[in-house]
Structures are given as C-alpha cells and as structure tokens.
Amino acid sequence: MAVQPTTLLLVRHGETTTTGKVLPGRAPGLHLSERGREQAERVAQRIAELPRTPSALYVSPLERARETAAPLARTLGLKPRVTRGLLECDFGEWTGQTLGSLRRRREWALVQHSPSTFRFPGGESFVEMQTRIWTTLLDLTARHPGETIVCVSHADPIKAAVTLAQGTPLDLFQRTVISTCSVSALLLGAAGPLVLGVNSTSSLTELVPS
C-alpha cells in the first residue's frame, strides 16, 4: 500500500514588540505583543476551519512560538510538542542587534543576495539552517503519514523550507515573505514536495492539490 502524503502547516509566530526592528534570534524572554496574541487566536480559528483537523502540533522552544501555539492547542485539542529543529536561525553575534545597524554592515549584501555563502559570526549558516528545518519536516512527515500537522516556527526557517520545496536556489530565498502568523502549506510524500500555499493570512479552506 502506498504511503499517503502528509500536509504540513507552517505557522510563523505572532508579532512581538521587536518585530521588524531587532534580530532577536534565540535570545530568551521575548513574548508576543497584544497584537501578536490576537493574531495567534485568529490563526487558530483559521486552521480549525479546515475540513481535516490536524492531528499533531509541533512548536519551536522559544517563548513567542509557544505562546502562538497555545490557542492552537486549545482550539484543536492538541498537546504542543516542543521540537528544537523548528528553532529560529542561530544569529550568533548578531543576536539582539537592530536591523538598522545590521543593514549598514558590508556583510548585509551577502545575507540578502548570497545567503548560501554566509555564516553568522558565532552562529549558524543559512545552509545549515535549511538542512536542519528540512530534515525536521521530513522526520515529522514520516511520523504522520497521510495526516495534517501544524509546525510553529520562525520566518527564516519557514522561508528556507518553502524555497527548498519549490526547487528555488537558497540565494533567492529572501524574495519570499513570511508574515507574522501566516500559514505556508506543504504536501510531502513519496512523489516529492508540493507547495499548497505561501504566507497565507486569510482562509485556508482551499488548500488542496489541484
């Protein structure tokens, strides 16, 4: 019997007080803003409207991700499973710095246009991040054949996963936008990946293969 493909709903965490201003990375203690909490409630309702209820909920260990997962857990009746493979990229020495100051660095051009060549000082490379998130998603797919699962993660890992699924070079991954509490949907199975949707902030009821 052929193994049925798995649908993965990749949810970026909700807005925080530093979203768009600071590169928080893996630093602890960053929580959702009031708007972020509202976004988390809305994305839970949107996912609950799907014809097939998700069977599992996986979440990055960081507070902002776990707080985003809380309404999903409550609405879907699922227990969040903390998964380190869904962590934000390790930005190393860049962690906590403002985006304004980082844009003035010479290395910023590499981050934007040649990310496959760049490693954050004292941190992770984009290639390592992409390999990590994709390996994690494949592992979760193997655990849940034929099911729909939710993964709460961060913008860069989700962008990297979507880019790989589309067959797009990593150096072009910055062309994809992943908004707070958006949903990007992948179908993973023996036939290879299929991208059902990217950066959705509205109804998800039509996320099916054509």
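Quick look at the values:
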{"quantity": "Placed amide H near Ala56: partners under 5 Å, 5+ positions off or other chain", "calculated": "Val150"}
{"quantity": "Karplus-derived HN-Hα couplings along segment 168-178 (A = 6.51, B = -1.76, C = 1.60, θ = phi - 60°), whole Hz, x at Gly and Pro", "calculated": "8, x, 4, 5, 9, 5, 6, 7, 9, 9, 10"}
{"quantity": "Packing-based ranking, highest mean first, of 167-177, 37-47 given that Cβ atoms within 10 Å are counted", "calculated": "37-47, 167-177"}
{"quantity": "Residue-by-residue Karplus 3J(HN,Hα) for segment 89-95, coefficients 6.51, -1.76, 1.60, Hz, glycine and proline x", "calculated": "4, 7, 7, x, 5, 7, 4"}
{"quantity": "Which of Lys21, Lys159 has the fewest Cβ neighbours within 10 Å, and the rest in rising order", "calculated": "Lys21, Lys159"}
{"quantity": "Segment 50-110 and segment 142-192: distance between their alpha carbon centers, rounded to Å", "calculated": "13 Å"}
{"quantity": "Relative contact order of the chain, defined on C-alpha pairs under 8 angstrom at six or more residues apart (%)", "calculated": "32 percent"}
{"quantity": "Least to most buried among Arg106, Arg143 (fewest other Cβ within 10 Å first)", "calculated": "Arg106, Arg143"}
{"quantity": "Net charge over other residues, Cβ less than 14 angstrom from the Cβ of Ala70 (K, R count +1; D, E count -1)", "calculated": "+3"}
{"quantity": "FRET efficiency for Glu63 and Lys21, using Cβ-Cβ distance with R0 set to 22 Å, rounded to 0.05", "calculated": "0.80"}
{"quantity": "Extended-chain gain in nm, criterion 0.36 nm per residue less alpha-carbon gap, Ala142 and Ser179", "calculated": "10.6 nm"}
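We did not get these values from a lab; they are worked out from the coordinates using the rules stated. Remember, it's a predicted structure, so these values are computed and weren't measured experimentally. Please note: Cβ atoms are built from the backbone with ideal geometry, for glycine as well, and neighbour counts cover all protein chains shown.
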